[in-house]
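The structure under discussion appears below in the form of structure tokens.
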Amino acid sequence: MGTDKEAEVAVGGNRDSDSIDAFAASSEAYSAPLHRKLKSRHIQMIAIGGIIGPGLFVGSSNALHIAGPAGILISFSLVGIIVFFVMQSLGELATLIPVTGSFTEYASRFVDDSLSFALGWAYWYLWVTVLANEYNAISLVIMYWTEVVPQWGWIIIFWFFFMVLSLAGILVYGEIEFWLSLIKVISITIFFIVGIFISAGVIGPQKIGFKYWDDPGAFADSINGVANTFVIAGTLYAGTEMVGITAGEADNPAKAVPRAIRQVFWRILIFYVGTMFFIGILIPYDDSRLLSKESKTAQSPFTIALSDAGLGAGASLINAVIVVAVISAGNSSMYVSSRTILFMARNGKAPRFMGRVNKAGVPWVALLFSNLVACIAFLSVSKAAGAVYNALITLSGVATFIVWGTIELVHIRFRNGLKAQGQSVDDLAFKAMWYPYGTYAALAANIFLIFFQGYTAFLNPFSATSFVISYILLPVFVILLLGYKFWKKTKWVKLEEMDIWTGRRDDVMPAHGDGLSKKSGVFHRVKRVAVG
């Protein structure tokens, strides 16, 4: 197989090496590779704590208010099961073919190039929306301490901070995420321990136990509340699939990716479901301090619980941890959104100039573009911050279900392609658990949630605003897919012509055909031009 600095351009039998070199030289400004510098410890910690952002600390407040303590346990547990199987599918693909384009590239090679186009833009939009959520969340949280600086001022400050941080390079990103994720993991663990003491009455004025499950109750709005928190769970879980993106800049994906994937179940169980359990027993869902559509400011449920227990210093410390979480999550949002645009630009699915990288291997144009679009966070200045936050998190949640469902479809096509080309799954270094049952079930669940999450818009009275927010991404996704298909005249990839070879790691699976790509029954030698 080729090196990371090679280009991934299929060369027909009549193309000689001189023409290949000339093409590479003319495209040097737009084909410089990303750097494979992420160590195994970086990817492991990113997998454990990389997606623990302010959404978990602040967004969980909104979820508790909408669904109640039992409602959030149900929604986050069910979505967690879906995430587990999505990550099993992605782990199988990313371990074998670790490229920065990840599932966006897999969609092109295993299904249809038009699906790759629609998926790439949907995934980029997801992370830009998540980034806007981070800006909105940090402006809400910091106002717990002071309102001297207006909300828009904090957004501007962190906008420049994230931009500078993201330009530092992949190794700096890995190191920052390692230590910030470690802080978040330790902090949440300590909160769980303190939460046990608060609930038991060892700390604070009273023994709480499960009294808030009785008054005001376990459910805030029965099944309706559960349905409305699916998108919150989807948004807060968004980022688990980021391991597939980081695989393209990992120095040893064969070792790092499978280990990170295997940690997903415990991460879901402990940090997400565990957090929902503790805030559900420590705070009533009707507490006026929780984030809601009417909120102009809001406190984290972590902060509320510690304040009510008389731990004012601990409450301030939690807010400091939330700031750390914002830095980490914002850093990750910039990373994933820029790499997605980079891949799109280098494959003709986005303006070509967005494919530029600097000498440090940083896609600075894609970073700037993504951060500029994230300025939709300023909408929170002119309207109630809680209402804007609710709209943004719904949109990103729907995008998450679309992305996860597509990953499962791509995995199914990949397995069918292996079978059609006579390849054994026994050669795979990492195999998805409980395939095909888990994969098909997760695909069906994601399709169901895409439509189910917004059904409350149809209840009396019908809410046109809720309907648009809940479902606008569906026609947009279809328009992108069909528009690109008719424009480029793309074709559904046949199983026997599927490219399951390019980009494989020799240390993951035996290289068949010595770097040859099988197309239409004929092997064509490939000179790699990979973005990572």
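Among the residues of the range 183-197, are any at pLDDT 85 or above and either touching a His at 6+ places or on another chain (Cβ under 9 Å) or among the acidic types (D, E) (or both)? No: zero hits.
Out of all the residues in the range 158-174, which are crowded, with 21+ Cβ neighbours inside 10 Å and among the aliphatic types (A, V, I, L, M)? Answer for the range 158-174, where residues must be crowded, with 21+ Cβ neighbours inside 10 Å and among the aliphatic types (A, V, I, L, M): just I170.
Those helices (runs of 4 or more DSSP H) of the range 410-496 in which at least 1 residues are at pLDDT 95 or above, considering only elements entirely within it, cover 437-452, 473-488.
Applying the set (1) part of a helix (DSSP H, G or I); (2) within 20 Å of the chain's Cα centre (by Cα) to G239 leaves exactly one unmet item: (1). The set of residues from the range 184-218 being crowded, with 16+ Cβ neighbours inside 10 Å and either in contact with an Asp or Glu (Cβ under 8 Å, 6 or more places away or on another chain) or β-branched (V, I, T) (or both) comprises V185, I188, V194, I198, I203, G204, I208. I need the full set of residues from the range 315-371 which are open to solvent by less than 10 Å² (accessible area, probe 1.4 Å) and either outside any helix (DSSP H, G or I) or in contact with a strand residue (DSSP E or B) (Cβ under 6 Å, 6 or more places away or on another chain) (or both), in order please. If the condition is that a residue be open to solvent by less than 10 Å² (accessible area, probe 1.4 Å) and either outside any helix (DSSP H, G or I) or in contact with a strand residue (DSSP E or B) (Cβ under 6 Å, 6 or more places away or on another chain) (or both), then G361, V362, P363 are the ones that fit.
Among the residues of the range 354-378, those identified as among the hydrophobic types (A, V, I, L, M, F, W, C) and in contact (Cβ under 8 Å) with a residue 60 or more places away in the chain are V357, A360, V362, W364, L367, L368, V373, A374, C375, I376, A377, F378.
Table: residues versus (1) assigned to a loop (DSSP other than H, G, I, E, B); (2) of a type in the set (A, V, I, L, M); (3) under 30 Å from V425 (Cα atoms); (4) within 14 Å of the chain's Cα centre (by Cα).
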site	(1), (2), (3), (4)
P98	yes, no, yes, no
T104	no, no, yes, yes
V128	no, yes, no, yes
A137	no, yes, no, no
V141	no, yes, no, no
I156	no, yes, no, no
W159	no, no, no, no
L165	no, yes, no, no
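The values are calculated or read from the model by the stated rules, or taken from the named source; none is laboratory data. Keep in mind the model is a prediction, meaning the values are calculated, not measured. Quick reminder, even Gly has a Cβ in these numbers, built from the backbone with ideal geometry, and neighbours come from all protein chains shown. These accessible areas exclude ligands, DNA and RNA; they are computed on the full protein's heavy atoms, side chains included. Shrake-Rupley method; radii C 1.70, N 1.55, O 1.52, S 1.80 Å.
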